[in-house]
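A.B. asks: Following this message is one structure expressed as structure tokens.
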Amino acid sequence: MTVAFISNSDCGRHDTGWGAPEHVGRLRAITAALKNDLDLFTSLHHVEGRHATPDELALAHDPAYIRSIEALAARGGGRLDADTVASEGSWAAATAAAGCVLDGVDLAFAPQPMRAFCGVRPPGHHALRDAAMGFCLFGNVAVAAHYARRKHGAERVLIVDWDVHHGNGTQALVEQDEAIHFVSMHQWPWYPGTGEAGDRGNGNVWNIPMPPGLEPAAYVTALERGIDAATAGFTPDLVLISAGFDCLRGDPLGGFTLEPHHLAEVTRRLGQRADAWCRGRIVSALEGGYLVGRVGDGVVAHLHALAAT
Ligand SMILES: [Zn+2]
């Protein structure tokens, strides 16, 4: 299947400083890794994504919060929470990050569906309805899920989040809509402290808390079982992936032990399922991942696997 690589140069304008784990070097590492795999690089459909509009962000966020981020950036930026800052370019970056994922959804629902990976920042899965959190300003994937429902009439959307941290923001932004099923596998106990197995949202959330340091197969199996549970009697029209590469071994912000080929295996199986469910529609978006070389390797493996089915 043809895979689009969607990004926007404005994503580099979210200036967190080189001392922050989440910095623009993460996106540069992805570009560098892609250029080292010329066959893959040339096979991708490269798209400069658009900026999400305030109305689109309001599918998941409080309009006053959206305006406050725009105003903060216009004033030159500032601190949003203990881990999260905004700079002058952060409004352009954050709206581009969300807009790229919306473009991915549009491509997924085109007459000839295309898969997409969105190389975007700031990440999104900790952002709350009216607050930034954990490096995240807007819930890029949660906004995309609501957009797919509203714009493309998707009746059922599956979100798979394998970032090493619980996607608490995504859960908060989608759990009221039972037509969106959310699976999050994450280290436990760990930041942000939520995501225990008994927290099922409105019955549409499958949290998979896992200890650090297990054999990789344990994580792969647990995630597959979570996807099985979330799709029993539920055939998605679209699969969204919150692709956090901080689940890879050695990440400074996580203790999972996965290698890029494990994520490729999960991606391939999800691709096969999506082929059976929904004409193969998958839109994947970058979340965490803080060892930049590993992020590049992980994205390359993930993209090969997206293209494989
Ligand atoms: Zn993370």
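Values in this text are rule-based calculations from the coordinates and carry no lab data. These figures come from a predicted structure and were not determined experimentally. Neighbour counts are summed over all protein chains in view; Cβ atoms, including those assigned to glycine, are modelled from backbone coordinates with ideal geometry.
A.B. asks: Kindly evaluate Q112 against the criterion of being more than 16 Å from the ligand (Cβ to nearest atom), farther than 24 Å from A229 by Cα, surrounded by fewer than 24 Cβ atoms within 10 Å (Cβ to Cβ) and of a type in the set (S, T, N, Q).
C.D. replies: Criteria met by Q112.
A.B. asks: I've got another one for you. Can you tell me which residues in segment 1-41 are of a type in the set (S, T, N, Q), surrounded by 18 or more Cβ atoms within 10 Å (Cβ to Cβ) and not in a loop (DSSP other than H, G, I, E, B)?
C.D. replies: S7
A.B. asks: Which residue is farthest from the ligand (Cβ to nearest atom), if the candidates are limited to segment 273-309 and must be closer than 22 Å to Q187 by Cβ and charged (D, E, K, R)?
C.D. replies: In this case the residue turns out to be D297.
A.B. asks: Does N168 satisfy being surrounded by 18 or more Cβ atoms within 10 Å (Cβ to Cβ), under 27 Å from L59 (Cα atoms) and within 15 Å of the ligand (Cβ to nearest atom)?
C.D. replies: yes
A.B. asks: Considering (1) surrounded by 18 or more Cβ atoms within 10 Å (Cβ to Cβ); (2) more than 16 Å from the ligand (Cβ to nearest atom); (3) within 26 Å of G119 (Cα to Cα), say which one E224 fails and leave the rest.
C.D. replies: Going through the list (1) surrounded by 18 or more Cβ atoms within 10 Å (Cβ to Cβ); (2) more than 16 Å from the ligand (Cβ to nearest atom); (3) within 26 Å of G119 (Cα to Cα), E224 breaks only (1).
A.B. asks: Cβ-Cβ below 6 Å, separation at least six or inter-chain, first residue in segment 46-75 and touching a residue at least 24 places away in the same chain (Cβ under 8 Å), second part of a loop (DSSP other than H, G, I, E, B) and among the charged types (D, E, K, R): which pairs?
C.D. replies: The qualifying pairs are H61/R129; D62/R129; D62/D130; Y65/D130.
A.B. asks: Now a separate question. Restricting attention to segment 81-104, report how many residues are surrounded by fewer than 23 Cβ atoms within 10 Å (Cβ to Cβ), of a type outside the set (D, E) and within 20 Å of A285 (Cβ to Cβ).
C.D. replies: Qualifying residue count, segment 81-104: 3.
A.B. asks: Let me ask another. Those residues that are touching a strand residue (DSSP E or B) at 6+ places or on another chain (Cβ under 8 Å), surrounded by fewer than 18 Cβ atoms within 10 Å (Cβ to Cβ) and of a type outside the set (D, E), I need them from segment 199-215; list them, please.
C.D. replies: Within segment 199-215, R200, P211, P212 qualify.
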